[in-house]
Structures are given as C-alpha cells and as structure tokens.
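These notes are about the structure you will find just below.
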Protein chains: 10
Amino acid sequence: MTDPAAQLETFPNPHPGRDYVIEHVVGEFTSVCPRTGQPDFGRIAITYVADQRCVELKSLKLYLQRFRQRGIFYEDVTNVILDDLVAAASPRWMRVRSRWRARGGIRSVITAEHGERSRARGLKNMSD
Amino acid sequence: MTDPAAQLETFPNPHPGRDYVIEHVVGEFTSVCPRTGQPDFGRIAITYVADQRCVELKSLKLYLQRFRQRGIFYEDVTNVILDDLVAAASPRWMRVRSRWRARGGIRSVITAEHGERSRARGLKNMSD
Amino acid sequence: MTDPAAQLETFPNPHPGRDYVIEHVVGEFTSVCPRTGQPDFGRIAITYVADQRCVELKSLKLYLQRFRQRGIFYEDVTNVILDDLVAAASPRWMRVRSRWRARGGIRSVITAEHGERSRARGLKNMSD
Amino acid sequence: MTDPAAQLETFPNPHPGRDYVIEHVVGEFTSVCPRTGQPDFGRIAITYVADQRCVELKSLKLYLQRFRQRGIFYEDVTNVILDDLVAAASPRWMRVRSRWRARGGIRSVITAEHGERSRARGLKNMSD
Amino acid sequence: MTDPAAQLETFPNPHPGRDYVIEHVVGEFTSVCPRTGQPDFGRIAITYVADQRCVELKSLKLYLQRFRQRGIFYEDVTNVILDDLVAAASPRWMRVRSRWRARGGIRSVITAEHGERSRARGLKNMSD
Amino acid sequence: MTDPAAQLETFPNPHPGRDYVIEHVVGEFTSVCPRTGQPDFGRIAITYVADQRCVELKSLKLYLQRFRQRGIFYEDVTNVILDDLVAAASPRWMRVRSRWRARGGIRSVITAEHGERSRARGLKNMSD
Amino acid sequence: MTDPAAQLETFPNPHPGRDYVIEHVVGEFTSVCPRTGQPDFGRIAITYVADQRCVELKSLKLYLQRFRQRGIFYEDVTNVILDDLVAAASPRWMRVRSRWRARGGIRSVITAEHGERSRARGLKNMSD
Amino acid sequence: MTDPAAQLETFPNPHPGRDYVIEHVVGEFTSVCPRTGQPDFGRIAITYVADQRCVELKSLKLYLQRFRQRGIFYEDVTNVILDDLVAAASPRWMRVRSRWRARGGIRSVITAEHGERSRARGLKNMSD
Amino acid sequence: MTDPAAQLETFPNPHPGRDYVIEHVVGEFTSVCPRTGQPDFGRIAITYVADQRCVELKSLKLYLQRFRQRGIFYEDVTNVILDDLVAAASPRWMRVRSRWRARGGIRSVITAEHGERSRARGLKNMSD
Amino acid sequence: MTDPAAQLETFPNPHPGRDYVIEHVVGEFTSVCPRTGQPDFGRIAITYVADQRCVELKSLKLYLQRFRQRGIFYEDVTNVILDDLVAAASPRWMRVRSRWRARGGIRSVITAEHGERSRARGLKNMSD
C-alpha cells in the first residue's frame, strides 16, 4: 500500500493570526480487524488549531476511505491518522478521537493529542 | 458586494457595570460553497460579554441573511462574522461558533474567540 | 408600576453555617417586547448560595408574574431580576439565567452573576 | 419522632487505602411540605468518598423512607440528610443533591457538600 | 476460584511515545450480590493511558465473564477490576467506573482511579 | 378507611354536544405494597370522553393522595381508580393507565378501560 | 371582551382539489385559570384539512394572544378555539389539541375534533 | 434441569370481569448461547390480559433467573417463556417480546403471541 | 422562472413487480415567504411507491434548490412539489411532507398525498 | 461475483406451529454507489415470520459483508436482500428495510415486503 498521507491536501489558513478551533466529524469510517479479518466501523473526530494550513475536506474523505480494506487495530489507526494529519498540516494543536461500534459487547473510544492544548481556545463544548 | 458589517446595529448595554454573558443562536444560516457552488446550511451561535453596546437582534438577522448567496468557506465565514461583530459592538469578549450540516459524510464545527475569556462569568452550561 | 421587588419574601436560611447551592427553575415566564409589543416567553433559572435568608417560592412566583404585562428587553430583565433578588435576600453568590423562545429564528440566553463564585460549592452539574 | 439517623448502618470500606467515589441515586423520595401539608416528590443523589465505613444500601432506603410523613423544607431536608450521613459514616468527602418535581411551576435543586472535594478523584461525569 | 487476573492478556502499545487515552465500555456485566444471592447487572467502563502494554479485548471480555457467578459488592468489584488491570498492564493512569441497575429503587455508580491523571490528555468528553 | 371516591368532585362539561378527549397525567402517585409493606411509586394517566360531568382537578389530586398509606396491588389500584372515576363522572369512555417504577428489576404498566372506545375521537397520539 | 374570532383571517386554499393536512403548533399560549386567577401555560396544535380557505398565520397568532388575560378552563378554551376556527375557515376536518404545563403535579391534554376524519389523508405521524 | 415453569406462581385476578392489560418488563435477563457458550443479555417484556389468575412478580423474577446458565437460542427462549406462562396463568391473551444486545453487530427482537388479541383493550402505546 | 419540474430526472425501477416504499428526506430546504420576503427553512420528506420510474437523487437535490429564491407559501410549495414529482415519475402512491421552522412562535407541517395508499406496503414506522 | 445468496444458512424453526415475528437489525452495512464509486453506509433491518427455517445469524453477517465492495443502488440492494433471504428461508412473511446515511443532504429509507402480512402477529412496535 502506498502511503495514504500522500493523499492529504491542505489550503492556506484564512485567519492565521488567530488561534481558533476546527472540528471535522466523519461518521462513516470502516477498516478491518487484523486479528479476525472482520470489518470494524467507527466515527473519527478531528479537532485542531490550524497554523498556516487547513485540512481540505474532500482529500480528508478520500484519505480516510483508504483504510476500508486495511487491517489495523483501534489504538494504531487513531495514532496513525493523527501522525499523518500532523505531517500534512502542521497544526498548532490537534486531537483525533475514534469511537467504535461494539465488538463482543465492548465499545471503545481512543483519543490522541498533539501539541499545546493551551492554543485551543474555545475547545469546550465541541460536538464530539 | 457592499460590506455586510455596515448593516449591524447596536443599542446601549443596559447594565454596563456588570460582566454578564449574552448568547444568540441562529438556527437558519445558509451560504454557498465557493468550490462546488452548492448551498451550505449551518447554525451560528454568538456568545459575548457586552461593553457599552449590545447587538440588536433584527439587524443581526438581516446581516446573517446577506450570506445567503455568498460563496465562502466554513473557516472564513466564522472569522468574518466574529470580526464584523467585534467591529460593530466592541465586546469585552466574544465567541462565534458555526455548526454545519454534513457534506460528503463530514460535519464540521468552527469556533473562534476574541478578547479576555476571564470576563465571561457564567459561561459554563451555555446552550450551544 | 410599583417596585416588584417589594413583593419578594424571604425566610431564615436553616443551615447558614454551610455554603450550599439552591436552584429554582421557573419554566413559565412571560414579558412583553418593548419594541414590537409582542409577548416574549422564557425560562428563568435562579441559582444561589444563601447567606442569612432564603427566597420564599410563592412570593418568587408572584414576583415573576408581575412582568407579564411589562415591556422589557432580555438583557435588562435578567439583570433586573438579579438585582431585585440580591436586594431582597443578600446571597453570598447568585446567578440568574434566562432562556428565550426563538424570535425571528434566533433564540437567546442571558446569564448574569453576583458575588463570589468560589462560595458556590457543588455548582457543577446543576440542572439549568 | 425518633432520630432517623439511628437507622443508618455502615459496613467496612473494602479498599480504604484508595480515595474513590461512590454514588447512590434514590429516585423515589417523598416528604411533606410543612406549609401546605401537600406531599413533595424528589430524587436524592448521595455521592461520597468513604473513609473507614461505607453506607449500607438497605438501611439507606429505610432511613429515607422515614421522611414519608415528615413536614420539612427542601433546603432543610438536603442538609439534614447530609448531616445524618456524615454522622453515620464519617466520609472523607460527601455531597447530597435533591431534585424536586415542580410546585407552582417551579422546580428546585439543592446541593450541599461536606469535607475536602480534592479527595474526590474521578468525580467528573458522575450520573447525577 | 482461581485468580481471574491470570486470564488477562496484553499486547505491546503501538505508540508508547505518546500519552493517549483508551476507553473500553462493557455493557453486559453481571455478578451476584453476596448478601441476597440475587444477580446484579452493571456496565463497566475502563479508561486508561497505556505505558508499554495495552489490554487485549477478548481476554478482557473473558476476564469480566468470570464474575458471573461470584458474590461481590459493588465497591469491591470496582476496585478489584482496577487492581487486576493495573497488575496486568501497568498503565500510566487508569480509571474503572461501574454503573449498576437499580436495587430497591437505588442505582449506584462507583469510580476508582490509579496513577497520575495529568497523563490523561484528552480525557474530557469521554463517552462514559 | 372511608371510601376515597366520596372525595371526587365534578363540574359540568362545558361542551357536552361534542365527543372530545381529556387526559390528566399525575406524575406523583405513591401507595404501599400489601405484601412487603414497601412504598410503590407510579404515574397515573386518566384519559376520558366526558358525558355531562368533568373531573375536577384539585379533588382528583386529593383523591389520589389518599392511596399514600394504603396497601394495594398494581392491578387492583388501577381498576379501583377506574371504577371510582366512572362512578363519580359517568364518562362516555375512560381509560386508566398506571406505570410503576421497577421492583426487583421489573417495571409494570397496567391499563384498564370502560365504555365505548369509538367515542374517543382524537385518541391517537395522546401523551401517555 | 369583543369576540376574538372576529380577528381571524383566512386566504384561499391554493389546492382545493386535494384533501391534504395542515398543522400549526403554537408553543407559546397563555391564559388565566378562572378559579385561582393564576396564569396557565400551554401549547396549542391545530391540524386541519382546508376546504376553500386556509387560516392565515399572523392573524392566528394575534387571535391566540387575546386569551392572555382571559379566565377560561382547559376544556373550554380547547373547544372555543375549535369553534372559532371552524366558523372562520369552514375546514373539511379539524382537530385542536392543547397540552398544559403541570398544575398541582397534574399535566393535562385536551383534544377536540370537527368534521369527517376520513378526509384527513396523511394524518399519521403528524408532529403533535 | 427441572422444569422452570414449576416455579411460577399466580394469584387471583382482582377484576376478572374486565379485560385489561398488564405488562411486566424485565430489563435484566441473561442466558447462554448454545453455539458459542457465550452469555447473551436481553430484556423480556410480558404483556397479557389475565383470565382468572395473574402472574406473581417475585416468582416471575426467580423463574427468569433460572435461564442464567442455560444454553438456548433467542427464538426458542421467547416461545418457551410464552408457553410456560400460558401454562401457569391461562391468560385470555399474552405476548412475550425479547430484545437482545448486539452479537456480531446484529441486534435481534423476537415477539410471540398467544390467544385472541381482540381481548387486549388498551394495548396501544404500551411501554415496550 | 422556467418550470423547475423540467429538471427532475428518473431511472427505471429495478423491481417494478413489487410494491415497495422509498423515502427521501431532504433536511436543507429553503424558500422565501411571499408576504414578508424573509427566508423560510424546512425539511421535505418524499415517500412513494414507484411504478416504472424512480426519482434520481441528484436531480431531486437540484430541483429543490431552485426554490431558494422563490416566494411561495408553505401550503403551496408542498403541493407543487407533489405535483411535479408525480408528473415526473408517475408513482403508484406518493406523499410529500414539509416541516417548517417556527415563524412568530408557530411551527407548521403540511402533508399531501397522491394515489392509492393501499399500495404502500410497509409504510408504517417510516422515518419522517 | 458468485451468488452471495449461496452463503446464507438456516436452521429449523424451533416453534413452527406458531406465527411469531423475528427481527434482526444490522447496524453496520456498507456498499458502493455504482454512479460515483463512493462508499454508502446504511442499517439493514430484517423482520420475518419463519415457516420451517430460521436465518442463521453468522451466515447473515457474512452474506451482508459481501456487499462491501459491490456497486449497487439503494432500491436494488434492498430488494436483492429480500429476494435472497426469501429464497434461502421461505418465510411466511418478510420485510427488509434499509436506512442510509445522508448523501448530498438527503437521507433515504427503502422498505420492501414479501408474503402475507396478516401472518405477522405482534408486528407493531418493532424496534426498527
């Protein structure tokens, strides 16, 4: 598989002089469990304070679709998405949270952050 | 297009001696995506601590309606509304949050703030 | 109109040695918009830490009913109720929050506080 | 009436070496309004960090049932329950919150605390 | 009964260089009340920051099923699960929360933590 | 105990020429379990088509309060209330539904009707 | 008081050849209890199949505001509104439903209909 | 295993002259999947019109607990409970509905009835 | 304005031998009030049984967007959409329901049907 | 692609003498839009009255997973699943309902039935 991060596009932050919070919630994520080969279904929330670049939404959608046939654990995919987005957009702060439908009666949520949270003004009451 | 901020009216803060929090939630916002030309639909929440002037509601409604045919990105419109309202009312603190209906399976929330949040007593548990 | 605050009654705080939080939520408030003459409908939440006196509920209900025919703005009525209650009961801390049904597609929430919030132990998770 | 606190039983805290949070929510509380003689209905949430003793649930239920015919104000009963439970179990920290069904269109919530809240690790997101 | 902790398996944390939060919510927990012999039903939420090892989900499910016929109090089982998981995975921080269906009209929630919460970046807004 | 039905008052139906549906939902009902002596808590919904008399609300409240100390089963109390109200108001149609808080993990709902349901125009979508 | 029905205006049904269902829900209704003089608060839902005339919304709002200071029982006001609207618009079928906030712990719903319900195609799943 | 139906007790229907509907919802049912040996968790709703006997609640609870270690499919257990309850209480009509927590991402609901549904007056709007 | 119905495209019903129900809910509809010139916001639900043709979704979206600047009443737009869709796809049965955000405190729902509802097998429990 | 219906397994109906209703809701369905190549996400509810055979759950899950990479329209896939399940299990009655996440702001629900609905006793109030 080629590096999916290569697919991510960005555009210039229209208001780089202000720390403000952007959140994108992707309700339709699916990957494959590497142990059982069964599909996993989850929701991915990406919350960040842009520096010079913002994440372009269509390329984000296509980037996330590339996990559709990939075998990867919950903990790993959450950190991989965070690393790829940080590499592509160099945000001042970013958080990726994945929420997964139950497997064996257990539902899971994984949350990883990068950078200084103090930059994230207005973070409270975000939708996910 | 003429400057929409010219439309915003204010009235004197009836209790300027106290820092208190005002929130207006506009459930019916629509603008146009500059990339696809398709309409975007969102909810705009404006939360602030007035200084000498309060934002007049009818002019706020008309101001926001002027985005109906305007092509503008989520990140940009949120900051533009904040800048226009700050210019019109000079609040002690203000936050603008836009929540957008899903596009391509992705729903977004943008939050921008201006001024000292410590002035915003009673900010917790606001409705949006 | 005579001063509505004259109507408010209080009773001795049964446990003045402890800072504790009292909240009363009045779901049935109505006043009149001074600009349009149309009725406004809202919910008033009063949250406070009593000092020597507690607010008596029946007089609170009658006090709030006196706004039924009065023309007054959202921002003003919230601060007026706070001032009247502070004058009547001298609480250690008090917050008044009004939530209004939508007008012109905009719903508003106004929150004003008086006194030291640090006295308000157990304030978190209050119902309104 | 005999002292209802005499009814409360406790059992040894099975993990006294750790500060942890216990919450019991009693959805079926009723007492009598001392002014009108009408029944009041509420929900009592008891949240605490045990020291050497935990509150036994069956005796707690019976203790609270003893208010069924007793005339007592909202503010008073909340503090009385807190005092009785503190006397019986000597917790490191305790909070009692009562939520009452509406009377005259007003619903009330009373919250009283005892002891050092900093002991209450994991207090956030409790259910009541 | 053999030690149920012996059943817990772990796997290497794929991103040990970052403090991130993992949460597993098990909706189908049942044990037995040691006093009455009646079954208890609850939901167990396990939230942690892994160090070198992550908790393997299938072994976690089997571990929790071993309480199905065991008589144990709410307060005890919550701390026992925390101790067993800490022993098995040595997390940087961990919280176990159990929520129980009502008994005698009383529903209970027990929350116990281990380790430094400051490691738990992104803990806010977790699902349980 | 004297017959509680003697307490029920009625007033003339202001529109006897039309079959229309009246519903009163009493959220605060309590009686006593005759087997265990423990209090039961429920919600009583009374739905009817009046003939010449309507049920007066204050007397209905006082009538229902008379069950506060009375030992009576769920099935019985529902039918007794229906019989008493039918005797007092002779409605064209009436339904009484009681919903009970869980006992031993079992929550119950009892529904009894009297008269011709075809008279109950507009019955659909009632609130309880 | 002059007849409030005189205030109701109508406009021509734009599609009289089809039986279709129109519903207007007025969330902000208030009148006065004739027994206690206390304000009552309710929600009025008007559902109908127009014949030649539709009810004009602004005049409906003003018509309903005229009950603001009027003493009238729940059962009566529901039927009076139905009679006034039938007189003004001669619908093929009409239903008026009023839902009232609790008084003395009892919340009420009154529903009255006029005309042939079989004309009301598509009545199911209406919002109130 | 002895026949669990032997455990069911009944008591005389206090109002056998009227067809009325009784519903008991048991939120805490667990049995074992006969294929995998894994526990299943469900909610059982029993709705019926009694003839001469009503189902006694405590014996119902104990009867249902006897499935705790029993391997049985969803479809089977629903019909077995219906058959056992019909044998014990000979109702005029009865329905048993089981709702199961998801297995493999699939949640199931099974509904079986016995007798004449036309006897079940007031069946609409039952809680489960 | 050219006829917007000209924009609607259809595709062959893949299973014309079976009566089945198709529903499309468009959450983002906006038109203009012809009296005030203010924008209206609503949700349009289209439910139908196809005959030989199904409605193509992208053309449906574009068709509905053509009302964005058009002045038209609630009652009219609902019937116009129904007529246009019937003309374009000749369904066996069709229902159009519009739900509108509140204006002047009144929210409205309009429902119009075409054709034989008995063809609409499986209509119950549709999502809107 | 080989016929996915070949994958479906069944087992003998344990209670063929009774018409009863079985429902399986699969929350995690994904296929591909044949026009755009983009993934679609939906929920599939299968409700039926078995004759001699019941649908086996694990094979149902695997059968539905075979649509993961298949391009197929909403209307088609719903009918195809119904046809395949009818071929495999010959139910007395069956309904398949698919609910789809929004595309272009439009969310869709497709419902198809096979056989005599009158066999489906207890169909009301099913969960999907």
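The values are calculated or read from the model by the stated rules, or taken from the named source; none is laboratory data. On a predicted model such as this, the values are computed, not experimentally measured, just so you know. FYI the Cβ positions are ideal-geometry reconstructions off the backbone, even for glycines, and counts take in every protein chain you see.
Within the range E:42-91, the set of residues being basic (Lys, Arg) and under 27 Å from H:Val32 (Cα atoms) comprises E:Arg43, E:Lys58, E:Lys61, E:Arg66, E:Arg68, E:Arg70. Criterion first (out of contact with any strand residue (DSSP E or B) (no Cβ under 9 Å at 6 or more places or on another chain) and among the hydrophobic types (A, V, I, L, M, F, W, C)) does B:Leu8 satisfy it? No.
Filtering the range A:17-41 to residues that are free of Cβ contacts under 8 Å to residues at least 40 places away in the same chain and within 10 Å of chain B (Cβ to nearest Cβ) leaves A:Gly17, A:Arg18, A:Ile22, A:His24, A:Val26, A:Gly27, A:Glu28. Do we have any residue at all in the range D:61-84 that's of a type in the set (S, T, N, Q), in contact with a Ser or Thr (Cβ under 7 Å, 6 or more places away or on another chain) and closer than 22 Å to C:Ala50 by Cβ? The answer is yes, given that some residue of the range D:61-84 is of a type in the set (S, T, N, Q), in contact with a Ser or Thr (Cβ under 7 Å, 6 or more places away or on another chain) and closer than 22 Å to C:Ala50 by Cβ. Of the numbered criteria (1) surrounded by fewer than 21 Cβ atoms within 10 Å (Cβ to Cβ); (2) in contact (Cβ under 8 Å) with a residue 12 or more places away in the chain, the one C:Asp76 fails is (2). Screening the range A:2-16 for residues that are assigned to a loop (DSSP other than H, G, I, E, B) and under 15 Å from the mean Cα position of the chain (by Cα) and picking the one that is nearest to the other protein chains (Cβ to nearest Cβ) gives A:Glu9.
The single residue among G:Val109, G:Val49 that is of a type in the set (Val, Ile, Thr) and under 18 Å from F:Ala120 (Cα atoms) turns out to be G:Val109. Looking only at the range B:1-17, count how many residues are among the charged types (D, E, K, R) and at pLDDT 95 or above. Summing the residues that are among the charged types (D, E, K, R) and at pLDDT 95 or above in the range B:1-17 gives 1. In the set (1) within 16 Å of the chain's Cα centre (by Cα); (2) over 28 Å from E:Arg107 (Cα atoms); (3) surrounded by 22 or more Cβ atoms within 10 Å (Cβ to Cβ), the condition left unmet by E:Tyr20 is number (1). Does F:Ala112 meet the test of being out of contact with any Pro (no Cβ under 7 Å at 6 or more places or on another chain) and over 21 Å from H:Asn13 (Cβ atoms)? Answer is no for this residue. Considering only the range B:78-96, I want to know if a residue exists there that is out of contact with any Phe, Trp or Tyr (no Cβ under 8 Å at 6 or more places or on another chain), β-branched (Val, Ile, Thr) and under 21 Å from I:Phe29 (Cα atoms). Scanning the range B:78-96, I find no residue that is out of contact with any Phe, Trp or Tyr (no Cβ under 8 Å at 6 or more places or on another chain), β-branched (Val, Ile, Thr) and under 21 Å from I:Phe29 (Cα atoms), so the answer is no. Just wondering, is there one or more residues in the range B:94-113 that are in contact with a strand residue (DSSP E or B) (Cβ under 6 Å, 6 or more places away or on another chain), within 13 Å of chain C (Cβ to nearest Cβ) and under 21 Å from C:Phe73 (Cβ atoms)? Looking through the range B:94-113, none of the residues is in contact with a strand residue (DSSP E or B) (Cβ under 6 Å, 6 or more places away or on another chain), within 13 Å of chain C (Cβ to nearest Cβ) and under 21 Å from C:Phe73 (Cβ atoms). Screening the range A:43-128 for strands (runs of 3 or more DSSP E) wholly inside it with 1 or more residues that are under 29 Å from H:Arg103 (Cβ atoms) returns the ranges A:93-100, A:106-115. I'm checking my understanding of the structure. Among residues of the range F:74-93 that are within 14 Å of chain H (Cβ to nearest Cβ) and touching an Asp or Glu at 6+ places or on another chain (Cβ under 9 Å), which one is nearest to G:Ile110 (Cα to Cα)? Selected residue: F:Trp93. Taking the range E:58-73 as the range and being among the aliphatic types (A, V, I, L, M) and within 14 Å of chain D (Cβ to nearest Cβ) as the test, only E:Ile72 passes. Scanning the range C:64-93 for residues that are basic (Lys, Arg) and in contact with a strand residue (DSSP E or B) (Cβ under 7 Å, 6 or more places away or on another chain) yields C:Arg68, C:Arg70, C:Arg92. Being touching a Gly at 6+ places or on another chain (Cβ under 7 Å) and within 28 Å of I:Ser59 (Cβ to Cβ) holds for only one residue in J:Arg99, J:Arg103, and it is J:Arg99.
Here the range D:23-41 is the region considered, the condition is being more than 16 Å from E:Thr111 (Cβ to Cβ) and among the charged types (D, E, K, R), and the residue that is nearest to the chain's Cα centre (by Cα) is D:Glu28.
In the range A:42-57, the residues that are facing another protein chain (nearest Cβ under 10 Å) reach residues that are surrounded by fewer than 17 Cβ atoms within 10 Å (Cβ to Cβ) and assigned to a strand (DSSP E or B) with C-beta atoms within less than 7 angstrom, at least six apart or across chains, in these pairs: A:Cys54/A:Phe11; A:Glu56/A:Phe11.
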